[in-house]
Amino acid sequence: MATDASPAPLIVVGIDGSAKSEVVLRWAADQARATRSRMRVVHAWQFPELPGSIPFRIESELSEAAEKLVDRLLNDVLDGLAADVVVQEGGAVRLLLNEAANADLLVIGSHGYGHDGRDGGKLLGSVTQSCLMQATCPVVVVPVGTVF
């Protein structure tokens, strides 16, 4: 008796912890349910620019705060859908591209946390532009302000 041992498709979704992330995460979760895909939720965070080195205690607290932020967002949105979670310090583009290297789909928002509407009407944020240009899998860009 033959069985199909191929893994389910993988959807990688990038979030930044903002309210916009919830919309992006909901879109990706709906897509994962519809296609019976696995999900990997990715959140990159960076240290604030401080003079000198950052004490380990502060590094640990920032990492823990990022993980709590992601957990809260996942609990609010995923409604029982399982997901692998990657929360890591570093650049968002590098982390997203690494995590999506073998994915079937990358889902990101059109603008990140830093978008405040004063950028002259840019259609896409810098992370989104970089991922679109460099990703090795299809990319879905969920527009800012979209409600599903």
### Task
Select from the stretch 60-91 the residues that are open to solvent by 60 Å² or more (accessible area, probe 1.4 Å) and of a type in the set (A, V, I, L, M, F, W, C) and write down the one among them that is modelled with the highest pLDDT.
VAL85
### Task
For the stretch 98-115, enumerate the residues that are closer than 12 Å to HIS43 by Cα, open to solvent by less than 40 Å² (accessible area, probe 1.4 Å) and at pLDDT 85 or above.
ILE108
### Criterion: farther than 23 Å from CYS131 by Cα, at pLDDT 75 or above and open to solvent by 50 Å² or more (accessible area, probe 1.4 Å) - qualifying residue of ARG57, ARG94, ARG36, ARG26
ARG36
### Message
Can you pull out every residue in the stretch 134-148 that is at pLDDT below 95 and not β-branched (Val, Ile, Thr)?
### Response
PRO143, GLY145, PHE148
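The values are calculated or read from the model by the stated rules, or taken from the named source; none is laboratory data. Please read these numbers as outputs of a predicted model, since none were measured by experiment. Heads up: the accessible areas ignore ligands, DNA and RNA and are worked out on the full protein's heavy atoms, side chains in. Shrake-Rupley method; radii C 1.70, N 1.55, O 1.52, S 1.80 Å.
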